[in-house]
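**Q** Can you read through this structure? Questions will come right after.
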Ligand code: ADP
């Protein structure tokens, strides 16, 4: 209600089509002039009396007419009538105040610009000055009043016309800039939206309209966080209110690459990678957010095809590998083989083992990509697992001329998938061995810190450059150093390790200095239900 009243008043004040406010002001001042004249015992002549009748009539007309639909000439006629009424009020032997023409003059300048000033000049001369001079006579004072009043009215009209012209010029410039901005936004192939501080949609480009139609086929309220056909990365789980990118953005969150699917039809749905940036006022107050939606459907589909291909190829490779492995082992068991053949078969077996690990990694990567890190959690003594991994790695450590020290408690029982956990330790340990030149040192620590299991694998190897550090957990990433030194690997171990740690609700971090070594730190939440025994003796340190 208050808002409507405010809006109505704003319209009355700013809308040049609606002269009701003007007419009210004019009527009040005219009546005041007449009232004062009557109070001053001035006898009113016919002219002022007609004016006295016409003023309320004009006010009623102004009130009744629907100004937004009334033809233009009606308003012009009303304004000229006002000037005429001022003229009538001056038809008095002593003359009256003609300054009231300033009000219609203002409005004429406001509504019609310089044209309005011209109309003011003509109407004031013809309706106020000439009749006044004719009726009262061309006395010096009368002529002077006539000229100054006309000049004042025209000046006021011109002044307001000028101001309005500038304001409108400014608005046109802003409008032009807005259109240029919109045109630029429409040329980019990324959906863009701008939210205000309350989460209302301020603007969006054409590309984003397409996404909106897919996500909200039944329309959108224009408020951030509305639920629709928006799915998580798996393409099946609907995104809840608090995970909607627009809602996150209104909470002041800045993020990159939130992957969503929009649309429920599998044939037409699109995959979008969303980023958000917050807009703040100078004072730091949240003023809104800008979101960019990049269409990554083709990439996602290509990825799907690649994953399926990798998965099926790896699967197909496994069967012949298993049989080569099995038969090589059987042949190796014979004791009538010449030594040279045993050696050659040993090479075959080692390479088959390597190929087998590679295929296993590829298979697992394909599963991880499909979000299939399946965990069989059980109460596991992770301390025992770490010790076993160390023992298994010891031959390789010795061959590489490295030393190893470890600090592992006797027992540490937590709820994890034992096979996956062992894989994490094996991967980190085998990397430490691979990337540490002969004479280096490896350290393995397992402990409990801040209600978390902490596994640290530290080496004094080649280290990882600052630039590479953010990529080491990406699939198929290998540092330049690793490739240059022909160290074996295809860049899958750490991505698998990270996926396993993530699916346990943990975190993996790396600290490193090029040429000085690396430290990989894994933290897993300690399941409250699992019992744990902290070391009851000093940590073992083996060198
Ligand atoms: P791979 O070892 O098969 O190349 P990973 O995913 O295990 O694949 O490692 C990815 C990359 O991270 C490696 O190629 C190497 O560049 C770097 N990296 C991993 N561990 C270490 C380490 N301990 N020291 C130095 N670089 C490492």
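The values are calculated or read from the model by the stated rules, or taken from the named source; none is laboratory data. This structure is a prediction, so every number in the text was calculated from the model and none was measured. In this analysis, Cβ positions are derived from the backbone assuming ideal geometry, glycine residues included, and neighbour counts consider all displayed protein chains.
**Q** Within the range 183-198, take every residue that is touching a residue at least 24 places away in the same chain (Cβ under 8 Å) and in contact with a strand residue (DSSP E or B) (Cβ under 6 Å, 6 or more places away or on another chain) and give me the one that is farthest from residue 296 (Cα to Cα).
**A** 197
**Q** Looking at the range 343-355, can you tell me whether even one residue there is surrounded by fewer than 19 Cβ atoms within 10 Å (Cβ to Cβ), closer than 30 Å to residue 300 by Cα and modelled with pLDDT under 95?
**A** yes
**Q** Let me ask you something else. Test each condition in (1) loosely packed, with under 12 Cβ neighbours inside 10 Å; (2) in a helix (DSSP H, G or I) for residue 396 and report the one that comes out false.
**A** It fails just one condition, (1).
**Q** Return only the number of the condition from (1) surrounded by 11 or more Cβ atoms within 10 Å (Cβ to Cβ); (2) at pLDDT 90 or above; (3) assigned by TED's automatic domain parsing to the domain that holds residue 448 that residue 331 does not satisfy.
**A** (3)
**Q** Does any residue of the range 24-41 turn out to be loosely packed, with under 14 Cβ neighbours inside 10 Å, at pLDDT below 80 and on the phi > 0 side of the Ramachandran plot?
**A** Looking through the range 24-41, at least one residue is loosely packed, with under 14 Cβ neighbours inside 10 Å, at pLDDT below 80 and on the phi > 0 side of the Ramachandran plot.
**Q** A further question on this structure: Suppose the filter is within 16 Å of the ligand (Cβ to nearest atom), modelled with pLDDT of 95 or more and touching a strand residue (DSSP E or B) at 6+ places or on another chain (Cβ under 8 Å); does residue 383 pass it?
**A** no
Quick grid of which residues meet (1) touching a strand residue (DSSP E or B) at 6+ places or on another chain (Cβ under 8 Å); (2) surrounded by 13 or more Cβ atoms within 10 Å (Cβ to Cβ); (3) touching a residue at least 24 places away in the same chain (Cβ under 8 Å); (4) outside the structural domain of residue 279 (by TED's automatic domain parsing):
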| residue | (1), (2), (3), (4) |
| --- | --- |
| 177 | no, no, no, yes |
| 181 | no, no, no, yes |
| 229 | yes, yes, yes, no |
| 257 | yes, no, no, no |
| 260 | yes, yes, yes, no |
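**Q** Say whether the condition of being out of contact with any helix residue (DSSP H, G or I) (no Cβ under 6 Å at 6 or more places or on another chain), farther than 29 Å from residue 490 by Cβ and without any contact (Cβ under 8 Å) to a residue 40 or more places away in the chain is met by at least one residue in the range 365-378.
**A** no
**Q** Among the residues in the range 368-380, are any within 16 Å of the ligand (Cβ to nearest atom), over 16 Å from residue 427 (Cβ atoms) and assigned to a helix (DSSP H, G or I)?
**A** yes
**Q** Within the bounds of the range 234-241, is there any residue that is assigned to a loop (DSSP other than H, G, I, E, B), farther than 30 Å from residue 368 by Cα and without any contact (Cβ under 8 Å) to a residue 40 or more places away in the chain?
**A** No.
**Q** For the range 416-462, which residues satisfy the criterion of being surrounded by fewer than 22 Cβ atoms within 10 Å (Cβ to Cβ) and in contact with a strand residue (DSSP E or B) (Cβ under 6 Å, 6 or more places away or on another chain)?
**A** 418, 441, 443, 445, 447, 452, 454, 456, 458, 460
**Q** Considering only the range 98-111, I want to know if a residue exists there that is closer than 19 Å to residue 151 by Cβ, free of Cβ contacts under 8 Å to residues at least 60 places away in the same chain, assigned to a loop (DSSP other than H, G, I, E, B) and in contact with a helix residue (DSSP H, G or I) (Cβ under 8 Å, 6 or more places away or on another chain).
**A** yes
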